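The values are calculated or read from the model by the stated rules, or taken from the named source; none is laboratory data. Note that this is a predicted model, so its numbers are computed, not measured. A quick note on method: Cβ atoms are made from the backbone with ideal geometry, for glycine too, and the neighbour counts reach across all protein chains shown.
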Ligand code: ADP
């Protein structure tokens, strides 16, 4: 696996029961996954020679992030190394302009959008969609809200162009909430769909995921799952695909973006589904039959733990575990920086209010924002 973050750490964990030899290419020995994987290569994934050396002896390569240059992935494939998902699929998660063009081609619903050349063109786009505000996004390099601008004036429209990367303009969608349709697909074309979840963001960062999305119309949920399965098939995705969606106030779904790797909106599956997204990603990458994606409980809630100032993790664990014996804690071993995702908790049960309260309490306590 290329990339040493928490997604690699949890994918590695899912491979342990299958006896998989897991090799990691990581930026530093301190990275979340590098702390726990036995075979770690430290190096820069942007350097082709490093990637080639790393890939030698691997049966298959997969990723913890989408940043490996597309041309390097093509070079690895040309060397005969299976790359899953492959570059022709992954480019749609790397480049928002390529993604929008492909979604248009296959008739998947997107916000109105087009590439804009400069701030004046962004103003022209705003006029086309009924005025400001609009959203501008750099087509490459964004994550967790970085690379996304809410633009209200021509002056606001200057910053996105400074990076020298093409800029995609989108209408600002009037959404009721954000959903995610997560599926896993194998090279054989077998695919499984998890229940559609609701994802709540705070300051552009995922905060809470509720599985399944409360009060979601069955027909819309089915449409979202079918859409995700169709996107995966059309794009040739192998592994986990998260389709981030907007549910509009008038009851439609629009695709926000695609992630081709295990995803934060799927962390609930570790404790809330028969087969976790990580276990199914491993199976898909190895072209094994996929596991049952169905939920184990009526409701599962995931809350991210953001970096705060933990005074003392041990006493936080004492409190949280004593308060809620069903609580599942997943910490990533990362250095605490304010606002950084350092772990998550999962809770489950039959009463959504109770399940939400327990997850929020534990995440807040582990962060240090709740003290009793
Ligand atoms: P990232 O690559 O950082 O995850 P996204 O494209 O998902 O960026 O955008 C981050 C957040 O910005 C979204 O979760 C959503 O809340 C908001 N956003 C993005 N695009 C739009 C849009 N077209 N209309 C309204 N809100 C949007």
Legend entry - Filter pass, residue 174 being within 11 Å of the ligand (Cβ to nearest atom) and in contact (Cβ under 8 Å) with a residue 12 or more places away in the chain: yes
Inset, instruction - Please specify each residue of region 83-121 satisfying the condition of being crowded, with 18+ Cβ neighbours inside 10 Å and closer than 30 Å to residue 56 by Cβ. - result: 83, 84, 85, 86, 87, 89, 90, 91, 92, 93, 94, 95
Inset, instruction - Being more than 17 Å from residue 270 (Cβ to Cβ) and either within 16 Å of the ligand (Cβ to nearest atom) or assigned to a strand (DSSP E or B) (or both) is the filter here, so list the residues in region 184-195 that pass it. - result: 185, 191, 193
Inset, instruction - Would you confirm whether any residue within region 2-16 is part of a loop (DSSP other than H, G, I, E, B), out of contact with any helix residue (DSSP H, G or I) (no Cβ under 6 Å at 6 or more places or on another chain) and over 20 Å from residue 66 (Cβ atoms)? - result: no
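Taking residue 167, is it closer than 30 Å to residue 340 by Cα and either crowded, with 16+ Cβ neighbours inside 10 Å or within 16 Å of the ligand (Cβ to nearest atom) (or both)?
Against the criterion (closer than 30 Å to residue 340 by Cα and either crowded, with 16+ Cβ neighbours inside 10 Å or within 16 Å of the ligand (Cβ to nearest atom) (or both)), residue 167 qualifies.
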Legend entry - Tabulated pairs, region 102-117, first under 13 Å from residue 128 (Cβ atoms), second away from the ligand (no atom under 16 Å from the Cβ) and at pLDDT 95 or above, C-beta under 8 angstrom, 6+ apart or interchain: 116/124
Legend entry - Selection from region 144-164 of residues that are free of Cβ contacts under 8 Å to residues at least 60 places away in the same chain and within 12 Å of the ligand (Cβ to nearest atom): 146, 147, 148, 149, 150, 151
Inset, instruction - Would you confirm whether any residue within region 168-177 is within 14 Å of the chain's Cα centre (by Cα) and part of a strand (DSSP E or B)? - result: no
Inset, instruction - State yes or no: is residue 92 closer than 28 Å to residue 14 by Cβ and modelled with pLDDT under 95? - result: no
Inset, instruction - Could you pull out every one of the strands (runs of 3 or more DSSP E) wholly within region 199-317 that has 3 or more residues that are surrounded by 15 or more Cβ atoms within 10 Å (Cβ to Cβ) and away from the ligand (no atom under 16 Å from the Cβ)? - result: 299-306
Legend entry - Residues located in region 48-80, provided they are within 21 Å of residue 189 (Cβ to Cβ), surrounded by fewer than 21 Cβ atoms within 10 Å (Cβ to Cβ) and touching a helix residue (DSSP H, G or I) at 6+ places or on another chain (Cβ under 6 Å): 60
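Determine if region 145-161 includes at least one residue that is closer than 30 Å to residue 293 by Cα, within 25 Å of the chain's Cα centre (by Cα) and not in a strand (DSSP E or B).
yes
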Legend entry - Residues satisfying the stated conditions in region 45-76, i.e. under 22 Å from the mean Cα position of the chain (by Cα) and not in a helix (DSSP H, G or I): 45, 46, 60, 61, 62, 63, 64, 65, 66, 67, 68, 69
Inset, instruction - For residues that are in contact (Cβ under 8 Å) with a residue 40 or more places away in the chain and either closer than 18 Å to residue 259 by Cα or surrounded by fewer than 19 Cβ atoms within 10 Å (Cβ to Cβ) (or both), scanning just region 122-137, find the one that is nearest to the ligand (Cβ to nearest atom). - result: 137
Legend entry - Which listed residue is more than 24 Å from residue 211 (Cβ to Cβ) and in contact (Cβ under 8 Å) with a residue 24 or more places away in the chain, from 324, 351, 335, 312: 335
Inset, instruction - Would you check which residues across region 123-169 are farther than 28 Å from residue 206 by Cα and touching a helix residue (DSSP H, G or I) at 6+ places or on another chain (Cβ under 6 Å) and list them? - result: 154
